[in-house]
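Read through the structure below, which is laid out as structure tokens, and then see the notes.
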Amino acid sequence: MQILLNGERFVTEATSLDELCAALGFADAKVATAVNGSFVAATARGNTQLTEADEVEIVAPRQGG
Amino acid sequence: MLELYGTRFTSRMLLGTAGYASPDILRQAVEASGAEIVTVSLRRESARARTGQGFWALIEQLGRRVLPNTAGCHTAKEPIATAQMARELFGTNWIKLEVIANDDTLQPDLFGLVEAAGVLCAEGFAVLPYTTEDMSAAERLIAAGCEVLMPWGSPIGSARGLANRSALQTLRAYFPDTPLIVDAGIGAPSHAAEAMEMGYDGVLLNTAVAKAGDPVKMAEGFASAIKAGRLAYEAGMIEPRDMASPSTPLAGTPFFKIDHAS
């Protein structure tokens with residue numbers, strides 16, 4: 001399945017957002033997620049199924065003004 | 001003492017964490033500033049670089065309250081999801097709400113700002129909106145539930161200081177009970193002192209410290225200026241006048257002759 005991960009095309013076998021995070025090594029990382037522009041809480045990632053062309057954002061803390 | 005959303009702070013300086021030459025300089029600058037609130041953001045995380053993980057460790061070391069921003073958001077919808085992600089990531093319901101109208105001036109989109117503020121306040125966020133000195137926007141933001149307003153001094157990173165001083169003065173006079181923080185455009189400690197002398201409750205800055213020749217020394221300079229400006233406001237400044245007024249007593253001046261006094 002091909003999705004858009006952080007703005008770039010990405011091929012994955014993960015079927016849920018939780019699996020995608022784990023496959024990327026983010027299982028225990030300090031990250032937050034959104035799918036198709038809407039926030040998905042960490043506790044809801046397991047129940048969030050991914051479908052073709054989904055737009056997934058995975059973000060982390062960064063410097064800011 | 002500064003009170004924002006029911007929390008009290010000794011320092012009236014809010015410091016950004018971006019643009020420092022190294023994490024160590026950032027850490028030293030935060031310490032020198034005495035700032036109790038530091039702004040942060042969230043950005044896309046790469047599985048390879050994992051940049052955010054290291055930054056999170058640094059934030060934890062700083063031990064300051066973090067104020068996440070929604071920098072870079074352009075629509076009313078983007079900052080909603082960004083704020084929700086920030087709340088989970090940083091474990092705070094505080095959000096510096098930025099909705100940008102124009103990439104050259106980075107001026108706030110007041111329409112998107114008011115809309116997003118309404119949604120976020122209703123969701124229980126403590127919203128600190130980055131706004132302009134516009135009075136009607138200020139009224140709408142307060143009606144939406146914002147307890148703090150953060151008007152710009154001048155465009156972000158421009159170092160021009162208080163570009164519209166009289167409008168900022170009017171805003172201060174019109175909202176005497178709302179904490180007002182000048183956010184953006186500060187270049188010199190004198191700019192920050194000027195805002196504080198006008199009765200502003202605090203100053204939020206980043207670039208002026210981060211890009212200074214010596215950011216640690218500049219952080220201390222700003223802390224002093226903000227403190228000085230606040231003391232001056234509390235003390236009550238004298239009014240300017242057109243003609244000189246001798247500060248040394250005239251009475252008993254040696255060699256005084258009455259015709260000199262006319």
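Those residues that are within 7 Å of another protein chain (Cβ to nearest Cβ), assigned to a loop (DSSP other than H, G, I, E, B) and open to solvent by less than 50 Å² (accessible area, probe 1.4 Å), I need them from the range B:42-94; list them, please.
If the condition is that a residue be within 7 Å of another protein chain (Cβ to nearest Cβ), assigned to a loop (DSSP other than H, G, I, E, B) and open to solvent by less than 50 Å² (accessible area, probe 1.4 Å), then B:Glu45, B:Ala47, B:Ala71 are the ones that fit.
All but one of (1) open to solvent by 60 Å² or more (accessible area, probe 1.4 Å); (2) facing chain B (nearest Cβ under 10 Å) hold for A:Gln2; which doesn't?
The one condition A:Gln2 does not meet is (2).
Give the range B:95-120 a look and list any residue that's open to solvent by 30 Å² or more (accessible area, probe 1.4 Å) and either of a type in the set (S, T, N, Q) or in a strand (DSSP E or B) (or both), or say none.
Start the filter on the range B:95-120 by keeping residues that are open to solvent by 30 Å² or more (accessible area, probe 1.4 Å), which leaves B:101-107, B:109-111, B:114-115, B:119.
Within the range B:95-120, B:Asn102, B:Thr105, B:Gln107 qualify.
Is at least one residue of the range A:28-47 in contact with a strand residue (DSSP E or B) (Cβ under 8 Å, 6 or more places away or on another chain), open to solvent by 70 Å² or more (accessible area, probe 1.4 Å) and among the hydrophobic types (A, V, I, L, M, F, W, C)?
No, because not a single residue in the range A:28-47 is in contact with a strand residue (DSSP E or B) (Cβ under 8 Å, 6 or more places away or on another chain), open to solvent by 70 Å² or more (accessible area, probe 1.4 Å) and among the hydrophobic types (A, V, I, L, M, F, W, C).
Out of A:Thr12, A:Thr43, which single residue is at negative phi and facing chain B (nearest Cβ under 10 Å)?
Values: A:Thr12 fails: facing chain B (nearest Cβ under 10 Å).
Answer to the selection: A:Thr43.
Applying the selection to the range B:20-41, what residues are part of a loop (DSSP other than H, G, I, E, B) and surrounded by fewer than 16 Cβ atoms within 10 Å (Cβ to Cβ)? First the steps, then the outcome.
The first filter runs over the range B:20-41 and keeps only residues part of a loop (DSSP other than H, G, I, E, B), leaving B:20-22, B:34-36.
Of everything in the range B:20-41, those that are part of a loop (DSSP other than H, G, I, E, B) and surrounded by fewer than 16 Cβ atoms within 10 Å (Cβ to Cβ) turn out to be B:Ala21, B:Ser22.
If a residue has to be touching a residue at least 12 places away in the same chain (Cβ under 8 Å), open to solvent by 70 Å² or more (accessible area, probe 1.4 Å) and either hydroxyl-bearing (Ser, Thr, Tyr) or within 10 Å of another protein chain (Cβ to nearest Cβ) (or both) to count, how many in the range A:48-65 make the cut?
Result for the range A:48-65: 1.
The values are calculated or read from the model by the stated rules, or taken from the named source; none is laboratory data. Predicted model, so just to flag it, every value in this text is computed and none were measured. Please note: Cβ atoms are built from the backbone with ideal geometry, for glycine as well, and neighbour counts cover all protein chains shown. Surface accessibility is based on the protein's heavy atoms, side chains included, excluding ligands, DNA and RNA. Shrake-Rupley method; radii C 1.70, N 1.55, O 1.52, S 1.80 Å.
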